[in-house]
Amino acid sequence: MSAFFENNRNKLGARMEIGDLAVLFAGKAPKSTADAHYSFMSNKNFFYFTGLTREHFIWTIIKTEKGLESTLFIEKPDYDIEKWIGRKMTKEVAKEKSGIDDIQYIESFHTFMNKLVQSGSVKCLCLDLERLDWDEKDSVADEFAFDFKKRYPHVSIKTLHQIEVDLRMFKDDYEVENIKKAVDLTHKGLEAILDVLKPGMFEYQLEATFSHAIRMNGADGNSFPTIAASGKDAVILHYVENDKVLNDGDLVLLDLGAQFNEYAADITRTFPVNGKFSDRQKTIYNIVLKAQEAVIEAIKPGTPFEDLNKICKNTLTEELISIGLISSESELSKYYYHGVSHHLGLDVHDLGLRETQLKPGMVITVEPGLYIEEENIGIRIEEDVLVTENGNEVLSKDIPKTVEAIEAIMKR
Ligand code: GLY
Ligand code: MN
Ligand code: MN
């Protein structure tokens, strides 16, 4: 499988200039409490170019007149430490998984860097420097940039972010297969929930049922913390307390996903806790479904990404006016207050432009919703969709979502 990662390295190399030296860090897990760390999540760009997800690893690639040279720095085996914290990856395994021939130990990284800069072949240091907020904690790459600039002030620094966006926005067949697998696992998890769902259970029991089912079927784990929001809390987009009892007559909104081979699924279904939608819940549910169908219909090469939001809002507005809940478009934001799509891939909210037209190979979510707090109703339905040459493929189409299909399953 290293061919995929090698191809990604070559695509990056094609965008680099002579004298560019890119350095990517796998990262490290933050400390959680006295003797423990949060579970480690590799920097996704590091994975995209190396196929590896090991803490502390560093990968460099330089473009010279002679071509591209890749070097991977891994942790040195230390059998005393391994008895406490687990086995280290060997050079042989790292080479086989990544396809990178030159593998060194991290201890030699600073000497390597110094020699390279002193040789005069480095004109620009390229780092993964995405910063979502001013106050965001410095990443390993940020810290390295400060440190490097202090030592080598004559070498300029630039970010790889835009190149990473351009590359990761388009999924190849290997990536689509992994996303499909993540979606299938999510389907299994939702089936397990439908098997047990009934009034009197707690939201966290649905969360636990899902996590158990996806892990039992081979998922890496959850792609993000499960939202199991019933009743009025379903209007809270990122509700994660999941601590309430499920009441007869309420709906429960489940926004969840499995991760497989580092790739994410992101699915939402909304179920009636007692197995049957009330007439009002059904009316609102079918409006959300109609908006989703209208958006999916529009997904094909050439459609501006931003049109998806317009189509969603137009459909919701028309339908809510027709049932008398609102009287003009300006009132829609009371009941619908998020975007309808984002890119999906290694990250749940994956790298990718939104100011662009849809093109084959993009994978996006379609997730309209309506949130009517005064009626205890929060409904979102989320599908994962691949843009194809001729239109689209709904990767999650097998997960039941019509009122009839959900009620039929819950009657069993
Ligand atoms: N699960 C997060 C989202 O739907 O965007
Ligand atoms: Mn979601
Ligand atoms: Mn989503």
Nearest-ten-degree value, helix 109-118 long axis tilted from longest Cα axis of the chain
60
In degrees, nearest ten, helix 2-15 long axis to first principal axis of the chain (Cα):
80
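Please state the shape class of the stretch 301-412: rounded when a/c is under 1.5, otherwise prolate if a/b exceeds b/c and oblate if not, all from the C-alpha gyration tensor.
On the way: a/c = 2.06, a/b = 1.25, b/c = 1.65.
Oblate shape, in that a/c is at least 1.5 and b/c is the bigger or equal ratio.
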Portion, in percent, of the accessible area of the stretch 139-298 that falls on carbon or sulfur, probe 1.4 Å
53
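Roughly speaking, what is the stretch gain from Ser278 to Lys411, that is 0.36 nm per residue apart minus the C-alpha to C-alpha distance, in nm to one decimal? Intermediate results must be reported in sequence, preceding the final value.
Working: separation 133, 0.36 × 133 = 47.88 nm, distance 1.49 nm.
That works out to 46.4 nm of additional length.
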Near-label residues of the stretch 41-58 by backbone N, under 14 Å of a point 7 Å along Cα→Cβ of Ser32:
41
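For Lys11 and Asp398, what does the FRET efficiency come to when R0 = 51 Å and r is the distance between their Cβ atoms, rounded to the nearest 0.05? Present the calculation step by step, with values, prior to reporting the outcome.
Values: r = 32 Å, r/R0 = 0.63.
With R0 = 51 Å, the Cβ-Cβ based efficiency is 0.95.
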For a label point 7 Å along the Cα-to-beta-carbon line of Phe112, residues of the stretch 47-70 with backbone N under 14 Å:
50, 56-63, 69-70
Using a 7 Å offset from the Cα along the Cα-to-Cβ direction at both Leu289 and Glu136, what is the distance between the two label points in nm, to one decimal?
3.9
Inter-part gap, Cα centre of the stretch 387-412 to Cα centre of the stretch 122-164, in whole angstrom, is 43
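So if R0 is 22 Å, what FRET efficiency would Tyr105 and Val155 give, r being the distance between their Cβ atoms, rounded to the nearest 0.05? Mind showing how you got there, number by number?
Numbers: r = 24 Å, r/R0 = 1.10.
FRET efficiency, Tyr105 to Val155: 0.35.
What's the extension gain from Ser327 to Glu297 if we count 0.36 nm per residue and subtract their Cα-Cα distance?
8.2 nm
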The stretch 44-173: projected area of the alpha-carbon convex hull, averaged over directions, in nm²:
10.3
If I model a spin label as a point 7 Å beyond the Cα along the Cα-Cβ vector, how far apart are those points for Lys91 and Asn390 in nm?
5.2
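Is there a quick way to get the dipole size of the stretch 172-330? I mean about its Cα centre, with the Cβ of Lys and Arg at +1 and of Asp and Glu at -1; what is the value in debye to the nearest 20?
On the way: 15 positive and 26 negative charges, 105 e Å.
Rounded to the nearest 20 debye, it is 500 debye.
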Principal axis extents for the stretch 54-124, Cα atoms only, whole Å, descending order, please.
44, 23, 14
When the charge dipole of the chain is computed with +1 on Lys and Arg Cβ and -1 on Asp and Glu Cβ about the Cα centre, the Cα farthest towards its positive end, among Phe146, Ile323, His349, belongs to Phe146
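With only Lys, Arg, Asp and Glu charged, each at its Cβ (+1 for the first two, -1 for the last two), find how big the charge dipole of the chain is about the Cα centre; round to the nearest 20 debye. Let's see the in-between values first.
Numbers: 49 positive and 69 negative charges, 170 e Å.
In debye, rounded to 20, the chain gives about 820.
Placing +1 at every Lys and Arg Cβ and -1 at every Asp and Glu Cβ, with all other atoms neutral, what dipole size does the stretch 289-403 have around its Cα centre, in debye to the nearest 20?
Details: 10 positive and 21 negative charges, 34 e Å.
Its charge dipole is roughly 160 debye.
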Do any of Lys137/Lys198; Lys313/Lys359; Lys44/Lys276; Lys188/Lys282; Lys83/Lys150; Lys97/Lys150 go past 31 Å between their Cα atoms, and which?
Lys137/Lys198; Lys44/Lys276; Lys83/Lys150; Lys97/Lys150
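Based on the Cβ-Cβ distance of Glu191 and Glu373, what FRET efficiency does E = 1/(1 + (r/R0)^6) give at R0 = 30 Å, to the nearest 0.05? Each step should come with its number before you reach the end.
Working: r = 30 Å, r/R0 = 0.99.
The value I calculate is 0.50.
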Most positive-pole-ward Cα, Ala265, His212, Ala14, against dipole of the chain from beta carbon charges
Ala14
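The values are calculated or read from the model by the stated rules, or taken from the named source; none is laboratory data. Everything quoted here is computed from the prediction, not taken from an experiment. As a convention, Cβ positions derive from the backbone with ideal geometry for all residues, glycine included, and neighbour counts pool all protein chains shown. Accessible surface areas use protein heavy atoms only, side chains included; no ligands, DNA or RNA. Shrake-Rupley method; radii C 1.70, N 1.55, O 1.52, S 1.80 Å.
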